[in-house]
Each structure stands twice: as structure tokens, then as C-alpha cells.
1. Looking at the structure I just gave you, is V98 open to solvent by 10 Å² or more (accessible area, probe 1.4 Å) and at pLDDT 95 or above?
2. Kindly provide the set of residues from segment 14-29 that are open to solvent by 20 Å² or more (accessible area, probe 1.4 Å) and of a type outside the set (V, I, T), ordered by number.
3. Out of curiosity, is E134 open to solvent by 10 Å² or more (accessible area, probe 1.4 Å), within 20 Å of F30 (Cβ to Cβ) and charged (D, E, K, R)?
4. Can you confirm whether segment 15-24 contains a residue that is more than 14 Å from the chain's Cα centre (by Cα), without any contact (Cβ under 8 Å) to a residue 24 or more places away in the chain and within 16 Å of ligand 2 (Cβ to nearest atom)?
5. I'd like the residue in segment 34-55 that is at pLDDT 95 or above and within 13 Å of the chain's Cα centre (by Cα) and, out of all such residues, is most open to solvent (accessible area, probe 1.4 Å).
6. Please identify the pairs in which a residue from segment 76-91 that is over 13 Å from H115 (Cα atoms) and away from ligand 1 (no atom under 14 Å from the Cβ) has its Cβ atom under 6 Å from the Cβ atom of a residue that is open to solvent by 20 Å² or more (accessible area, probe 1.4 Å) and aliphatic (A, V, I, L, M), counting only partners at least 6 apart or on another chain.
7. With respect to I81, is the statement that it is at pLDDT 95 or above and in contact with a Lys or Arg (Cβ under 9 Å, 6 or more places away or on another chain) true?
8. Return the pairs, sorted by first residue and then second, in which the second residue is open to solvent by less than 100 Å² (accessible area, probe 1.4 Å), the first residue lies in segment 132-149 and is in a helix (DSSP H, G or I), the beta carbons are less than 6 Å apart, and the residues are 6+ apart or on different chains.
Amino acid sequence: MERTFVAIKPDGVQRGVMGKVISRFEEKGFKLVAMKFMKVSNDLAEKPYGEHKGKPFLSGLVSFITSGPVLVMVWEGNGIIDTIRKMMGKTNPKDAEVGTIRGDLAIDIGRNIVHGSDGLESAKREISIFFKEEELVNWEPTIHRWIYE
Ligand code: IDP
Ligand code: MG
């Protein structure tokens, strides 16, 4: 089964919507594999955003991500990488559909609440940046047979 890395950025923490975001993934039927509430160092903040090196917004993004605590998570489910991207909505909340996390909870591209991996490779990379293998919890939700055929 596929795994993805999700983070609630400092704006989501400060605005008190961590529970709302987590609830959406739980209610969908996805399985939580790991979770950590932490402050991110400059080095660590730049790693998942390697693809944006040289872009004008990177320094602002890194100082924002390091400005306060974040909630980093690993979630698991069939097709989860694409589905969570859809549930997050477009990067710029003004283009994000109503019903998505960014469409419902955010206004500004620099304060868009959540990060989610955009592919298998980035998911693997981002999970390994933030979590040790032994921090990924293996467990069997008893409701799985009501979610998967
Ligand atoms: P994503 O978060 O939807 O995957 P990316 O293009 O990977 O979007 O950008 C990473 C993060 O950088 C975005 O979530 C957003 O917070 C920030 N960002 C992206 N583009 C801009 C921009 O043009 N101005 C300001 N911030 C941006
Ligand atoms: Mg991205």
C-alpha cells in the first residue's frame, strides 16, 4: 500500500485546524502511520523543497516553515498520494475548489496550511527526511474490511 508525507505548516497549527485536517484523512479511511509535532531547522526545512532551489519564494517559505511548530505525518492507503493532493486542493487557495482543505480554510498561497508529497519518489524521500524506519508504526485498523473490498 502507498504511503505519503503530510505536514501541517505553522499557519495550520496557529489557526487551530490540525484536528480538522487529520479528521478529513481519518474519515476518508486512510491510516495514520507516524506523527510528530516539532520545530523545523533551516537545514531540514530546505530538504523537501529542493525542487524550488533558486525560486524567489524559497527563502520566505523556509523562514515561514521554521517560524513555529509543524505537525509532520505519514499516512497510508490505496492511491493516497494523488488523493491527498486532491483533498488539499490547488497550491494557491484562490484556485482551490471549495471542499478542499486549502479551498475551505486558506486564502493566501504563502499560508496554505498543508504540505503533501507530489509523487512516489518525493513521498519516499520526504518520509525518510523526517522519520526513522522504527518510527513508522505497523498496525492493522480493524475497520479495513469495511473500507477495502
Ligand atoms: P504544493 O505545496 O502545492 O506542492 P509547491 O509548488 O511545491 O506547491 O510549492 C511549495 C510551497 O511553496 C507552496 O505550498 C506554497 O506555500 C509556497 N509557494 C509556492 N509558490 C509560491 C509563490 O509563487 N509565492 C509564494 N509562495 C509560494
Ligand atoms: Mg510541492
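1. Criteria met by V98.
2. Result: Q14, R15, G16, M18, G19, K20, S23, R24, E26, E27, K28.
3. It is false that E134 is open to solvent by 10 Å² or more (accessible area, probe 1.4 Å), within 20 Å of F30 (Cβ to Cβ) and charged (D, E, K, R).
4. No, there is no match, as no residue in segment 15-24 is more than 14 Å from the chain's Cα centre (by Cα), without any contact (Cβ under 8 Å) to a residue 24 or more places away in the chain and within 16 Å of ligand 2 (Cβ to nearest atom).
5. F37
6. E76/M1
7. yes
8. E135/A34; I147/G29
The values are calculated or read from the model by the stated rules, or taken from the named source; none is laboratory data. From a predicted model like this one, the values you see are computed outputs, not experimental measurements. Positions of Cβ are generated from backbone atoms using ideal geometry, with glycine treated the same way; all protein chains shown enter the neighbour counts. The accessibility values were calculated without ligands, DNA or RNA, using every heavy atom of the protein model including side chains. Shrake-Rupley method; radii C 1.70, N 1.55, O 1.52, S 1.80 Å.
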